[in-house]
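Trainee: Got a structure for you, written out below as structure tokens; questions coming shortly.
The values are calculated or read from the model by the stated rules, or taken from the named source; none is laboratory data. These numbers were taken from a predicted model, which means no experiment stands behind them. Cβ: placed from backbone, ideal geometry, glycine included. Neighbour counts: every protein chain shown. The area values use the complete protein model at the heavy-atom level, side chains included, leaving out ligands, DNA and RNA. Shrake-Rupley method; radii C 1.70, N 1.55, O 1.52, S 1.80 Å.
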Amino acid sequence: MRRRSQGHAALAFTVPVLVATFAFLVVPTVAGLLLSATDFDIYALADLRNLRLVGLGNYAALAHDPAFWRAVGNTVLLAALGVPAAIGTSLAAALLLDSATVRWKPVWRLLLFAPYVTTLVATALVWRYVLDTRAGLLNDALLLVGIAPVDWLGDPRTSIPATLIFIVWKAFGYNMLVFVAALATVSPELREAARLDGAGPLARFRHVTLPAIGPALVLASVLSVANFLQVFAEPYVMTHGGPAESTTTILYFMFDQGFTWWNLGTASAVAVVLFIAILALTAVQARLAREQEWL
Amino acid sequence: MRGIARTLALAALSLATATPLAWMVSVSLMPKGAAATFPPPLWPARPTLANYRELLFDHAGPGGGVTGYHIAGAMLNSTLLAALATVLGLALTLPAGYAFAKLRFTGRARLLQALLALAVIPAQVALLPLFLMLKWAGLINTYAGVLVPGLAGIYGVLFVRQAALAIPHEMLDAARLDGASEWRILMRIVLPLLRPTVVTLALFTFLASWSDFLWPLIAITDQRLYTLPVALAAISREHGQDVELMMAGAVVTTLPVLLLFAALQRFYFSGVLGGGVKG
């Protein structure tokens, strides 16, 4: 009797969110796979009778589209430069926050984390002006140390690093918190013992700290790659994908195909490619998590 | 000695991190054109609220007609949508998260596995078909259309479940022996126990909805329904040269969430660290 009333309650408690998940996540995801096998465009949008199946045609077309490969290349470059920069900044800030002798920690933690909760579009705009060639704060600061003004967002060679400065600024606080928590698990006795054995700061970091936080570092890096694969609003607001398509990311390319040109079939194929890439990353992550448990 | 050096290093890093935000506020208070002078000024010589007035209220346009940026409307849209997303999200995920943790029912383990598997789907994959579905349902350019993707609250369910696992079964069974209904147990026993989790999840949901950009950009084409990020991006495409005005827009967009975060940071930080969802 009691068991049955629990069953009824569980049904009432879980069905709404399960139905919502099915309708607004599972169905559209499957529909996305199907859509990627069609030539859905503005004519099909007007009248579904214009829709044709093209099989893997969209994928074949993408494979021969230099603009798509450009977007892939830009995204890979973002991740390749961005992951070490972001993880490195998070780790440096966490190591500083971790030392026992530092004062007013909650204040620094709050200030360092604040960018993470800001609204991306708003702070991307702020950075567009901070990175401005003439009136921007960054060039102004660089001038103090004798570096000539750089056209950060206007030069295809610097647009990716400039976008990265903003992305790292916005995001490093999150992994900083994760790393501070991981560092708290390093045994103080072990650190002290290493010190008494005459290990310098670098050797202690290499042999005591790093093994303890290694798993957290690796996991954060994998998740960070997944986040870099999904960069969109930053180029949309800061550079409109330019100059010369140098900041067009995969997701920006998808948005452009889908909602500027209404090539929803092509855009869906891009979405599926992105999905597969993220799925592969998740597999890597799951495998790393399993290996950690064996250690 | 080392403590002082490290404190100074952290202070310098914090200062550098906070500078763009402080500069945003400072420039928003400058009269038109003041920020574009060289070298860029760090604070306004004569602070003014003119940019906020121009942004929030309609004014005479260049052609003589009345123009405006609809920012006051966007603030209202963003606030209502974030509040609705939060209330709906909690209503859907709290009972479900609790049920997956504590109620015994057939299929529980399998459903949970399915949810965990679905959690890997990135939201972007569903965007294009979702747009078509809502277009055919006539929900493009409605609040409902903006809210819909957020209702698939897998993360929320797993987050609540993780917290609810710690509730002792004895407590719930005692209430059942007293004749309390499952609904009453949820409202009177479980929710009060989960209060910190509820606050954390509400905060996360509100902030995520407030800052969301890609989906509202797709689901809304009517200016009067723009959320703040969408409105801001649209204004910046037309009035990008007006730095002071844009910074005022950035302030009204980001200051509310910064204040909310600062007031509830305890809940936020515990969510980041304790919220690690485990399968």
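Trainee: I want to confirm something. Restricting to the range B:1-11 and keeping residues that are more than 7 Å from chain A (Cβ to nearest Cβ) and more than 23 Å from A:V168 (Cβ to Cβ), which single residue is least open to solvent (accessible area, probe 1.4 Å)?
Mentor: Step by step, filter the range B:1-11, then rank; the result is B:A5.
Trainee: Filter the range A:42-66 down to the residues that are open to solvent by 50 Å² or more (accessible area, probe 1.4 Å), touching a residue at least 12 places away in the same chain (Cβ under 8 Å) and out of contact with any strand residue (DSSP E or B) (no Cβ under 7 Å at 6 or more places or on another chain) and list them by number.
Mentor: A:I42, A:L56, A:Y59, A:A61
The rows are residues; the columns are (1) away from chain A (no Cβ under 13 Å); (2) within 25 Å of the chain's Cα centre (by Cα); (3) farther than 30 Å from B:A175 by Cβ; (4) modelled with pLDDT under 95.
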{"position": "B:A50", "(1), (2), (3), (4)": "yes, no, yes, yes"}
{"position": "B:G73", "(1), (2), (3), (4)": "yes, yes, yes, yes"}
{"position": "B:A126", "(1), (2), (3), (4)": "no, yes, yes, yes"}
{"position": "B:T142", "(1), (2), (3), (4)": "yes, yes, yes, no"}
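Trainee: Considering only residues that are within 14 Å of chain B (Cβ to nearest Cβ) and more than 18 Å from A:A79 (Cβ to Cβ), which ones fall in the range A:149-167?
Mentor: Here is the first cut: in the range A:149-167, the residues within 14 Å of chain B (Cβ to nearest Cβ) are A:149, A:152-154, A:162, A:165-167.
Passing the criteria: A:P149, A:W152, A:L153, A:G154.
Trainee: Need pairs with beta-carbon distance below 6 Å; first residue within 11 Å of chain A (Cβ to nearest Cβ) and within the range B:75-97, second surrounded by fewer than 23 Cβ atoms within 10 Å (Cβ to Cβ) and among the basic types (K, R); sequence gap 6+ or separate chains.
Mentor: Qualifying pairs under 6 Å: B:G97/B:R161.
Trainee: Within the set of pairs 6 or more residues apart or between chains, which connect a residue that is more than 7 Å from chain A (Cβ to nearest Cβ) and under 16 Å from B:T19 (Cβ atoms) inside the range B:247-258 to a residue that is open to solvent by 10 Å² or more (accessible area, probe 1.4 Å) and assigned to a helix (DSSP H, G or I) with Cβ atoms less than 7 Å apart?
Mentor: B:V251/B:V25
Trainee: Tally time: how many residues in the range B:111-167 are in a helix (DSSP H, G or I) and either farther than 18 Å from B:V87 by Cα or not small (G, A, S) (or both)? So that I can check it myself, show each step before the final result.
Mentor: As a first pass, look at the range B:111-167 and keep what is in a helix (DSSP H, G or I): B:111-118, B:123-136, B:143-151, B:154-164.
If we keep only those that are either farther than 18 Å from B:V87 by Cα or not small (G, A, S) (or both) as well, we get B:111-118, B:123-136, B:143, B:146-149, B:151, B:154-155, B:157-164.
Of the residues in the range B:111-167, 38 are in a helix (DSSP H, G or I) and either farther than 18 Å from B:V87 by Cα or not small (G, A, S) (or both).
Trainee: Pick from A:L112, A:L143: which is closer than 30 Å to B:G249 by Cα and at pLDDT 95 or above? Steps first, please.
Mentor: Numbers: A:L143 fails: at pLDDT 95 or above.
Being closer than 30 Å to B:G249 by Cα and at pLDDT 95 or above holds for just one of A:L112, A:L143, which is A:L112.
Trainee: Hey, does the range B:154-161 have a residue that's out of contact with any Phe, Trp or Tyr (no Cβ under 9 Å at 6 or more places or on another chain), aliphatic (A, V, I, L, M) and modelled with pLDDT of 95 or more?
Mentor: Checked the range B:154-161: no residue is out of contact with any Phe, Trp or Tyr (no Cβ under 9 Å at 6 or more places or on another chain), aliphatic (A, V, I, L, M) and modelled with pLDDT of 95 or more.
Trainee: Is it the case that some residue within the range A:257-268 is under 16 Å from the mean Cα position of the chain (by Cα), open to solvent by 10 Å² or more (accessible area, probe 1.4 Å), more than 8 Å from every other protein chain (Cβ to nearest Cβ) and within 24 Å of A:L56 (Cβ to Cβ)? Outline the logic, then answer.
Mentor: The first filter runs over the range A:257-268 and keeps only residues under 16 Å from the mean Cα position of the chain (by Cα), leaving none.
Looking for residues that are under 16 Å from the mean Cα position of the chain (by Cα), open to solvent by 10 Å² or more (accessible area, probe 1.4 Å), more than 8 Å from every other protein chain (Cβ to nearest Cβ) and within 24 Å of A:L56 (Cβ to Cβ), one finds none in the range A:257-268, hence no.
Trainee: Then there is this: For A:D39, only one of the following conditions fails: (1) of a type in the set (D, E, K, R); (2) more than 9 Å from every other protein chain (Cβ to nearest Cβ); (3) open to solvent by 40 Å² or more (accessible area, probe 1.4 Å). What is its number?
Mentor: The one condition A:D39 does not meet is (3).
Trainee: Within the group B:F159, B:F206, which residue is more than 9 Å from every other protein chain (Cβ to nearest Cβ), open to solvent by 40 Å² or more (accessible area, probe 1.4 Å) and not basic (K, R)? Walk me through it before giving the result.
Mentor: Details: B:F159 fails: open to solvent by 40 Å² or more (accessible area, probe 1.4 Å).
Checking each option against the conditions leaves just B:F206.
Trainee: Among the residues of the range B:12-47, how many are open to solvent by less than 30 Å² (accessible area, probe 1.4 Å) and either within 9 Å of chain A (Cβ to nearest Cβ) or among the hydroxyl-bearing types (S, T, Y) (or both)?
Mentor: 12
Trainee: Restricting the search to the range B:215-234, which residues are surrounded by fewer than 23 Cβ atoms within 10 Å (Cβ to Cβ), in contact (Cβ under 8 Å) with a residue 60 or more places away in the chain and within 16 Å of the chain's Cα centre (by Cα)? First the steps, then the outcome.
Mentor: Applying the first criterion (surrounded by fewer than 23 Cβ atoms within 10 Å (Cβ to Cβ)) to the range B:215-234 yields B:216-218, B:220-225, B:233-234.
Within this subset, residues satisfying the condition of being in contact (Cβ under 8 Å) with a residue 60 or more places away in the chain are B:216, B:218, B:220-225.
Once the filter is applied, which keeps residues that are surrounded by fewer than 23 Cβ atoms within 10 Å (Cβ to Cβ), in contact (Cβ under 8 Å) with a residue 60 or more places away in the chain and within 16 Å of the chain's Cα centre (by Cα), the range B:215-234 yields only B:P216.
Matching residues to (1) facing chain B (nearest Cβ under 7 Å); (2) outside any helix (DSSP H, G or I):
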| site | (1), (2) |
| --- | --- |
| A:P84 | no, no |
| A:I87 | no, no |
| A:A94 | no, no |
| A:R103 | yes, yes |
| A:W108 | yes, no |
| A:L112 | yes, no |
| A:Y116 | no, no |
| A:A122 | yes, no |
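Trainee: Moving on. Sort out which residues of the range B:235-263 are part of a loop (DSSP other than H, G, I, E, B) and either charged (D, E, K, R) or buried (at least 19 other Cβ atoms within 10 Å of the Cβ) (or both), and write them in order of number. Show your work before the answer.
Mentor: Taking the range B:235-263 and keeping what is part of a loop (DSSP other than H, G, I, E, B), we get B:240-242.
Hit for the range B:235-263 is B:D242, nothing else.
Yes or no, residue by residue, for (1) open to solvent by 10 Å² or more (accessible area, probe 1.4 Å); (2) within 9 Å of chain B (Cβ to nearest Cβ):
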position: A:Y252; (1), (2): yes, no
position: A:F255; (1), (2): yes, yes
position: A:V270; (1), (2): no, no
position: A:F275; (1), (2): yes, yes
position: A:A280; (1), (2): yes, no
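Trainee: Another question about this same structure. I need a count of the residues in the range B:178-197 that are within 9 Å of chain A (Cβ to nearest Cβ), open to solvent by 10 Å² or more (accessible area, probe 1.4 Å), assigned to a helix (DSSP H, G or I) and of a type outside the set (D, E).
Mentor: Keep residues of the range B:178-197 that are within 9 Å of chain A (Cβ to nearest Cβ), which gives B:181-183, B:185-186.
In the following step, the residues that additionally are open to solvent by 10 Å² or more (accessible area, probe 1.4 Å) were identified as B:181-183.
Now drop any that are not assigned to a helix (DSSP H, G or I), which leaves B:182-183.
Among the residues that remain, those that are also of a type outside the set (D, E) are: B:183.
Qualifying residue count for the region: 1.
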